Amino acid sequence: MRPCRHGVRIEHVTARDTHRTIDAVWKMESGRVIAGLTRMVRDVGLAEEFAQDALVAALEQWPTAGVPDNPGAWLMAIAKRRAIDHLRRVERHDRTHEVIARDLATAPETSDIDAAIEELDDEVGDDLLRLIFISCHPVLPTTARVALTLRLLGGLTTDEIARAFLAAEPTVAQRIVRAKRTLAEREIPFEVPAVPELAERLASVLEVIYLIFNEGYSATAGEDWMRPTLCLEALRLGRILAELAPREPEVHGLVALMEIQASRSAARTGPAGEPIPLLEQNRGRWDQLLIRRGFAALLRAKEIGRPAGPYVLQAAIAVTHAQAHTAAETDWPQIVRLYEGLVRLLPTPVVRLNHGVAVAMASGPLAGLTIVDTLVDEPSLRQYHPLPSVRGDLLRQLGRHAEAAAEFERAAELTRNQPERTLLLERAATARATGVILGDAVDGFLHRSDVDAETIRSYRQTLRRLSEAIGGRVPLDSVTPSRVAAACEEMWGDAAARTWNRHRSAIRSFHAWAVAQDWPVADLAASLDRRRPSDERTSTIDRDTVEALWAQAGSRERALWRLLYESAARAEIALSLDIENLDLANNRGRVGEQWVRWESGTAALLPGLIRGRTRGPLFLADRRPAPARTPPPDDVCPTTGRRRLSYERAEYLFKRATGYTLRQLRDARLAHLGADGWPAGDLMRLSGHASPRRLGRYTRSR
Amino acid sequence: MRYLLMTNGDTQPADETMYVEMGKFVAELSQQGVLLATGGLESTGYTVTSRDGEITITDGPFAEAKEAIAGFALIDVRSKEEAVELSRRFWKIAGNGSGRIQRVIGPEDF
């Protein structure tokens with residue numbers, strides 16, 4: 001039992017192994033077989049059919065008879081026999097094949113494999129080249145050229161091609177059938193094109209090969225293994241073509257380009273399959289063998305001595321990268337020169353974009369961005385994720401982080417590669433987090449949709465002004481609470497408490513939102529105190545009440561209050577007046593650069609207050625300072641030894657006497673004058689207010 | 001994928017016919033972009049041993065010819081079967097001898 005079973009299994013495995021071997025041989029030989037047959041029957045579709053017949057024969061015979069010594073010649077001999085049978089039948093029915101049939105009549109009618117070997121050896125090169133040209137004929141749509149080339153020259157099955165291109169098998173099958181029909185109907189000759197059209201036809205061939213290569217190169221880990229296989233197919237096609245057309249520099253250029261790109265295969269993705277940009281790759285993992293092959297191919301291209309074409313230039317760029325042992329050693333000026341040449345030959349948006357990147361590396365991000373920005377409206381790049389990705393990178397280097405983040409997000413939206421999307425979103429988040437600027441943050445806050453329009457309008461008044469005052473380009477994380485407080489004090493320090501609090505709550509709301517965005521931001525409203533509305537009843541001190549004040553209290557208080565009212569000066573300023581700086585004749589006194597002006601009421605009271613003193617503080621405290629708390633000499637009266645009346649004390653006394661604050665007294669004066677029709681300019685001059693805006697409430701109250 | 005094809009020292013010496021045939025075979029492999037590198041090895045060499053940081057270099061080993069690698073070819077193929085098929089074709093030309101076929105680990109393995 002056991003030996004029998006064992007034997008059966010071995011036989012089974014052997015049969016499967018033979019099938020695999022046949023598949024391998026087919027992939028190696030089918031191109032040459034089909035090429036040879038096409039020369040005979042002048043129809044790639046027919047030629048492929050006969051070659052397939054030979055494959056069927058191999059599948060029938062080889063598992064038992066074994067793989068022949070020269071399987072290619074075996075396949076060729078069988079297929080040729082079928083072709084000759086076919087042509088004989090056609091000759092009998094169709095006079096149009098007369099010429100071909102006569103040719104065949106003179107050809108050796110033999111199944112001798114040695115003859116087939118001879119023939120393969122002698123002719124196969126030219127036939128292969130013809131087959132490449134016809135498979136890549138411009139009369140066919142690009143997708144058909146690609147499918148047909150892989151099918152006829154790579155020996156790939158329809159299923160393999162479909163998997164490699166992530167397409168449905170019937171679609172690919174259709175393409176191939178139609179392509180073969182088109183070639184037959186249009187009677188495309190099986191030949192190497194002559195010089196007038198050679199360049200264009202060769203370009204079409206190179207385009208197909210490079211397209212196959214890129215399809216494989218852009219595949220990511222975890223995808224069907226057929227996709228990376230495309231790189232090898234393209235490289236093989238390129239290497240074969242280079243042998244068949246050794247005088248064409250662009251062929252060697254393409255081979256060099258592919259060899260060098262393939263040399264980076266191991267280095268271009270990270271452990272999670274995420275793409276690693278060229279400049280960040282571990283160059284130790286570049287395949288030196290392929291790099292040397294790339295160098296050699298480029299050298300062959302240059303030795304031909306014709307002006308460099310697009311592939312040679314691209315290869316030269318790839319070689320320049322490969323020559324740099326580290327990214328920092330890259331010869332960017334040389335790469336820029338090569339790109340300038342490439343842009344002249346091939347001014348496609350993608351080439352111009354890469355030129356921009358090279359310029360940025362050679363001459364800085366701004367120079368690069370200038371070039372890249374010319375591509376923003378390019379329709380063909382609208383869905384091209386490297387454009388926003390590159391722009392994002394340049395903007396980031398220029399410190400325009402918010403714009404950079406938006407570009408990275410757009411690139412992430414456009415890419416179909418999942419690990420790359422993840423990477424781009426990370427870069428966007430980093431740009432947003434480290435680099436958000438105040439102006440953009442405010443814009444984002446004001447565009448939120450979860451708050452009603454009225455509130456947003458109110459927030460906008462506050463935050464736009466705050467952003468202007470601090471600077472919209474300032475990074476959000478560098479805005480400190482004290483900076484916010486200073487700006488608010490400057491803008492709204494004199495505003496009503498209710499207004500102040502409204503601004504304050506807008507800033508608090510903005511801060512909470514920024515925190516929710518995960519942005520690094522200080523507690524912006526930390527230094528903004530909430531103001532109690534009871535602190536202000538500005539215009540509630542009416543004229544009668546003010547008049548009544550003059551009858552109250554002692555001479556010092558009367559003089560101070562009257563001076564404050566008449567001058568509308570801030571209490572701190574008035575209390576800083578020194579006797580030596582008074583200009584009594586002109587009803588004024590100087591504090592620093594600022595003049596405090598009063599009227600006759602104050603003028604009448606001042607002499608009694610000064611009473612023989614010539615220097616020192618005008619308004620003095622009631623007591624001498626305690627010995628331990630010696631005030632600065634400027635705040636001490638040289639005559640009496642008493643110190644300057646403090647703001648706190650003055651405020652306390654006024655409040656106790658009247659229930660109002662000194663500030664309200666000053667405000668009352670401005671309100672009264674405003675009511676009397678004083679223009680804002682005069683009020684400003686009087687009060688020392690820096691801007692008319694802060695006087696709005698007085699002039700409006702008229 | 002890449003395979004390293006190795007021949008051992010017991011391979012029969014080439015006569016003129018074999019030399020020409022082998023030349024054609026190698027040229028064909030190059031033309032098809034399959035052959036990446038090829039070379040022969042001297043029969044003698046050195047053995048390097050590293051033990052706990054100590055590196056020793058000695059002559060040898062003086063292995064039997066059939067165990068020593070005499071030549072190699074690095075090929076770029078689509079499958080194991082292609083590598084085997086090419087090896088088969090090689091031995092059809094080379095005649096008697098022995099060798100090994102081993103896959104070179106590449107980016108596709110990571």
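The values are calculated or read from the model by the stated rules, or taken from the named source; none is laboratory data. Computed from a prediction, not measured in an experiment: that's the story for all the values here. As a convention, Cβ positions derive from the backbone with ideal geometry for all residues, glycine included, and neighbour counts pool all protein chains shown. The accessibility values were calculated without ligands, DNA or RNA, using every heavy atom of the protein model including side chains. Shrake-Rupley method; radii C 1.70, N 1.55, O 1.52, S 1.80 Å.
Screening A:Arg163, A:Arg175 for residues that are within 22 Å of B:Met1 (Cβ to Cβ), open to solvent by 30 Å² or more (accessible area, probe 1.4 Å) and in a helix (DSSP H, G or I) leaves exactly one candidate, A:Arg163. When the residues of region A:532-552 are narrowed to those that are surrounded by 17 or more Cβ atoms within 10 Å (Cβ to Cβ) and part of a loop (DSSP other than H, G, I, E, B), which ends up modelled with the highest pLDDT? Result: A:Ile541. Does any residue of region B:77-88 turn out to be among the aliphatic types (A, V, I, L, M) and modelled with pLDDT under 90? Within region B:77-88, none of the residues are among the aliphatic types (A, V, I, L, M) and modelled with pLDDT under 90.
Looking only at residues in region B:17-30 that are β-branched (Val, Ile, Thr) and exposed (fewer than 14 other Cβ atoms within 10 Å of the Cβ), which one is modelled with the highest pLDDT?
Going residue by residue through region B:17-30, those that are β-branched (Val, Ile, Thr) are B:17, B:20, B:26.
From what is left, the residues that are exposed (fewer than 14 other Cβ atoms within 10 Å of the Cβ) are B:17, B:20.
Values: B:Thr17: 85, B:Val20: 88.
Here the residue is B:Val20.
Limited to region A:554-573, what total is found for residues that are touching a strand residue (DSSP E or B) at 6+ places or on another chain (Cβ under 6 Å) and part of a helix (DSSP H, G or I)? Write out each step before concluding.
Within region A:554-573, the first condition is being touching a strand residue (DSSP E or B) at 6+ places or on another chain (Cβ under 6 Å), and the residues that meet it are A:567, A:569, A:573.
Those still in the list that are part of a helix (DSSP H, G or I) too: A:567, A:573.
Matching residues across region A:554-573 total 2.
The residue that is farthest from the chain's Cα centre (by Cα), counting only those in region B:31-46 that are open to solvent by 50 Å² or more (accessible area, probe 1.4 Å) and not aromatic (Phe, Trp, Tyr), is B:Gln31. Among the criteria (1) over 19 Å from A:Ala297 (Cβ atoms); (2) crowded, with 20+ Cβ neighbours inside 10 Å, the one A:Gly273 does not fulfil is (2).
Taken over region B:18-31, residues that are away from chain A (no Cβ under 14 Å) and either of a type in the set (Asp, Glu) or in contact with a helix residue (DSSP H, G or I) (Cβ under 9 Å, 6 or more places away or on another chain) (or both) amount to 2. Taking region B:59-110 as the range and being of a type in the set (D, E, K, R), more than 14 Å from chain A (Cβ to nearest Cβ) and assigned to a loop (DSSP other than H, G, I, E, B) as the test, only B:Glu64 passes. Of all residues in region A:661-682, at least one satisfies being under 21 Å from A:Ala496 (Cβ atoms) and touching a Pro at 6+ places or on another chain (Cβ under 6 Å).
Residues of region A:435-455 that are free of Cβ contacts under 8 Å to residues at least 60 places away in the same chain and either loosely packed, with under 15 Cβ neighbours inside 10 Å or closer than 12 Å to A:Ile507 by Cβ (or both): A:Leu438, A:His447, A:Ser449, A:Asp450, A:Val451, A:Asp452, A:Ala453, A:Glu454, A:Thr455. All conditions in (1) out of contact with any Asp or Glu (no Cβ under 7 Å at 6 or more places or on another chain); (2) within 14 Å of chain B (Cβ to nearest Cβ); (3) part of a helix (DSSP H, G or I) hold for A:Arg293, with the sole exception of (1). For region A:610-634, the candidate set comprises residues that are part of a helix (DSSP H, G or I) and modelled with pLDDT under 85; within that set, the residue that is nearest to A:Ala559 (Cα to Cα) is A:Asp634. Among the candidates A:Val357, A:Val312, A:Val350, A:Val343, the residue that is in contact with a Pro (Cβ under 6 Å, 6 or more places away or on another chain) and not in a loop (DSSP other than H, G, I, E, B) is uniquely A:Val312.
With respect to A:Gly612, determine if the residue is on the phi > 0 side of the Ramachandran plot and free of Cβ contacts under 8 Å to residues at least 24 places away in the same chain. Spell out how you get there, then give the answer.
On the way: on the phi > 0 side of the Ramachandran plot: yes; free of Cβ contacts under 8 Å to residues at least 24 places away in the same chain: no.
No, not satisfied.
Can you find a residue in region A:145-158 that is in a helix (DSSP H, G or I), free of Cβ contacts under 8 Å to residues at least 12 places away in the same chain and away from chain B (no Cβ under 14 Å)? It would help to see each step written out before you state the result.
To start, the set of residues in region A:145-158 that are in a helix (DSSP H, G or I) comprises A:145-153, A:158.
Of the ones still in play, those that are also free of Cβ contacts under 8 Å to residues at least 12 places away in the same chain are none.
No, region A:145-158 contains no residue that is in a helix (DSSP H, G or I), free of Cβ contacts under 8 Å to residues at least 12 places away in the same chain and away from chain B (no Cβ under 14 Å).
Picking from residues in region A:244-262 that are more than 10 Å from every other protein chain (Cβ to nearest Cβ) and among the small types (Gly, Ala, Ser), the one that is farthest from the chain's Cα centre (by Cα) is A:Ala245. Would it be correct to say that A:Thr14 is modelled with pLDDT of 75 or more, surrounded by fewer than 21 Cβ atoms within 10 Å (Cβ to Cβ) and either over 50 Å from the mean Cα position of the chain (by Cα) or within 14 Å of chain B (Cβ to nearest Cβ) (or both)? No; evaluated as a whole, the condition is false for this residue.
If you go through region A:177-211 and pick out every residue that is within 45 Å of the chain's Cα centre (by Cα) and of a type in the set (D, E, K, R), you end up with 6.
Quick check, is A:Val442 among the β-branched types (Val, Ile, Thr), within 23 Å of A:Asp518 (Cα to Cα) and either assigned to a loop (DSSP other than H, G, I, E, B) or modelled with pLDDT under 90 (or both)?
Details: among the β-branched types (Val, Ile, Thr): yes; within 23 Å of A:Asp518 (Cα to Cα): yes; either assigned to a loop (DSSP other than H, G, I, E, B) or modelled with pLDDT under 90 (or both): yes.
Considered against the rule, which asks whether it is among the β-branched types (Val, Ile, Thr), within 23 Å of A:Asp518 (Cα to Cα) and either assigned to a loop (DSSP other than H, G, I, E, B) or modelled with pLDDT under 90 (or both), A:Val442 comes out as yes.
Looking only at region A:481-511, residues that are open to solvent by 60 Å² or more (accessible area, probe 1.4 Å) and either over 23 Å from A:Asp667 (Cα atoms) or part of a loop (DSSP other than H, G, I, E, B) (or both) come to 3 in all. Scanning region A:231-240 for residues that are open to solvent by less than 10 Å² (accessible area, probe 1.4 Å) and more than 9 Å from every other protein chain (Cβ to nearest Cβ) yields one hit, A:Ala234.
When the criteria are applied in full, B:Ile55 meets the requirement of being open to solvent by 50 Å² or more (accessible area, probe 1.4 Å) and aliphatic (A, V, I, L, M). Scanning region A:315-340 for residues that are within 27 Å of the chain's Cα centre (by Cα), part of a loop (DSSP other than H, G, I, E, B) and not polar (S, T, N, Q) gives A:Ala324, A:Asp331.
Can you name every residue in region B:32-58 that is within 14 Å of chain A (Cβ to nearest Cβ) and out of contact with any Gly (no Cβ under 8 Å at 6 or more places or on another chain)? Walk me through how you get there before you give the answer.
Just the residues of region B:32-58 that are within 14 Å of chain A (Cβ to nearest Cβ), to begin with: B:32-39.
Selection gives B:Gln32, B:Val34, B:Leu35, B:Leu36, B:Ala37.
Answer yes if at least one residue in region A:590-607 is open to solvent by 30 Å² or more (accessible area, probe 1.4 Å), part of a helix (DSSP H, G or I), farther than 15 Å from A:Trp561 by Cα and at pLDDT 85 or above, and no otherwise. Yes, region A:590-607 contains a residue that is open to solvent by 30 Å² or more (accessible area, probe 1.4 Å), part of a helix (DSSP H, G or I), farther than 15 Å from A:Trp561 by Cα and at pLDDT 85 or above.
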